[in-house]
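Student: Here you go, one structure.
The values are calculated or read from the model by the stated rules, or taken from the named source; none is laboratory data. Computed from a prediction, not measured in an experiment: that's the story for all the values here. Here the Cβ positions follow ideal geometry from the backbone for every residue, glycine too, while neighbour counts run over all protein chains shown. We work out accessible area using only protein heavy atoms, side chains counted, and drop any ligands, DNA or RNA first. Shrake-Rupley method; radii C 1.70, N 1.55, O 1.52, S 1.80 Å.
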Amino acid sequence: MKFTRRETMLMALGATAAAMLPARAMANVDDLVAAFTGGADIGEGGLTLTAPEIAENGNTVPIEVDAPGAVSIMVLATGNPTPGAATFNFGPLSGSQSASTRIRLAKTQNVLAVAKMADGSFVQVSQEVKVTIGGCGG
Amino acid sequence: MADNVKPKVRVPKTASAGEVITIKTLISHPMESGQRKDGDGNLIPRSIINRFTCDFNDQNVIDVTMEPAISTNPYFEFQATVPESGAFAFTWYDDDGSVYTESKDIEVS
């Protein structure tokens, strides 16, 4: 079996593109986190993310975030084509710094929550959710 | 333009001063993610509600930025402190510029 020069080039190109794809998705998550934290160090603890271990339907996955003393909490679905899910900003009358909602997950992935605390520090927590049926169509 | 967008909000009717209450909101909306394709393989353009806010007597309770990963018929549950009698104002902002509002009165006894 012989490859022409053109075929070889194309294959090399394809391999590069395939190798870059996951890296690009990760960079996207990193970018979003960096935009949220402004590049600050991220610690752990003080933030709870409640999500099901196994979600049968990726279209509606109930999640809950709770971080006493937080100013805002960002939730990311790291395996989605567009990882952003929601950012909760708590106002002066919020009763507790917790909220729950339902999100879409395209496939089995880690859900990441990053909280900005009142003193300007950041904490994060992530949890893996196994998805039986993906929820982004396409 | 999303049709039949109907907000539903559950707030207790009464509370004692300073009490922390739980609020549940639901709004019917397709939340088209911009990832799906129609029968002919064309992408269906994104059409979601991108922001939700809740205020009590003009003081902010929660302000949520929403992305395409939020499910159809967005649901939120959160807690608010009620210092006095007044009204909660809920506002949803659609990608197409529409704004949906709902308000609920609460009485402090």
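Student: Normalised by the residues of chain B, what does the relative contact order come to in percent, with Cα pairs under 8 Å and at least six apart?
Tutor: Value for chain B: 33 percent.
Student: According to the square roots a ≥ b ≥ c of the eigenvalues of the Cα gyration tensor, what is the shape class of the protein assembly as shown, taking rounded for a/c under 1.5, prolate for a/b larger than b/c otherwise, and oblate for the remainder?
Tutor: Here the protein assembly as shown falls in the prolate category.
Student: In a Debye calculation with equal point scatterers on the alpha-carbon sites of the range B:26-109 and no solvent, what is log10 I(q)/I(0) at q = 0.12 Å⁻¹?
Tutor: -0.43
Student: So, one more: Across the residues of B:53-65, average count of Cβ atoms on other protein chains within 10 Å? It would help to have the intermediate numbers written out before the result.
Tutor: Numbers: counts 2, 3, 2, 4, 1, 0, 3, 6, 6, 10, 7, 9, 8.
Taking the mean over all residues of the peptide, I get 5.
Student: Right, here's the next one. Using alpha carbon centroids, what distance separates the range B:1-39 and the range A:60-80, in Å?
Tutor: When both Cα centres are located, 17 Å separates them.
Student: Let me ask something else. Can you find, among A:100, A:57, A:69, the residue sitting farthest towards the positive end of the charge dipole of the range A:5-129, where Lys and Arg contribute +1 and Asp and Glu -1 at Cβ?
Tutor: Toward the positive end, the furthest listed residue is A:57.
Student: Follow-up. In what sequence, largest accessible area first, do B:31, A:117 appear using a 1.4 Å probe?
Tutor: Sorted by accessible area, descending: A:117, B:31.
Student: Another question about this same structure. Residues with amide H under 5 Å of residue A:71's amide H, sequence separation 5 or more or different chain, H placed in the peptide plane at 1.01 Å from N; which?
Tutor: It is A:116, A:117, A:118, by chain and number.
Student: Give me the Kirkwood hydrodynamic radius of the range A:5-129, using the inverse of the mean 1/r over all pairs of distinct Cα atoms, in Å to one decimal.
Tutor: On the way: mean 1/r = 0.0631 Å⁻¹.
Kirkwood radius, the range A:5-129: 15.8 Å.
Student: A follow-up question, please. In debye to the nearest 20, how big a dipole does chain B give about its Cα centre with +1 on each Lys and Arg Cβ and -1 on each Asp and Glu Cβ?
Tutor: That gives chain B a dipole magnitude of about 320 debye.
Student: On to the next question. At a probe radius of 1.4 Å, what is the per-residue accessible area of residue B:93, in Å² to the nearest 10?
Tutor: About 70 Å², rounded to the nearest 10.
Student: Follow-up. Can you run phi through the Karplus equation (6.51, -1.76, 1.60; θ = phi - 60°) for the range A:40-55 and list ³J(HN,Hα) in whole Hz, with x for Gly and Pro?
Tutor: 6, 5, 10, x, 9, x, x, 10, 10, 10, 10, 9, x, 5, 10, 10
Student: Taking the simple approach of a point 7 Å from Cα along Cα-to-Cβ for both residue B:10 and residue A:130, what is their distance in nm?
Tutor: With each label placed 7 Å out from Cα toward Cβ, I get 3.1 nm.
Student: A further question on this structure: Of B:26, A:109, A:127, whose Cα points farthest to the positive end of the dipole of the protein assembly as shown (charges on the beta-carbon: +1 Lys, Arg; -1 Asp, Glu; origin at the Cα centre)?
Tutor: Value computed over the given set: A:109.
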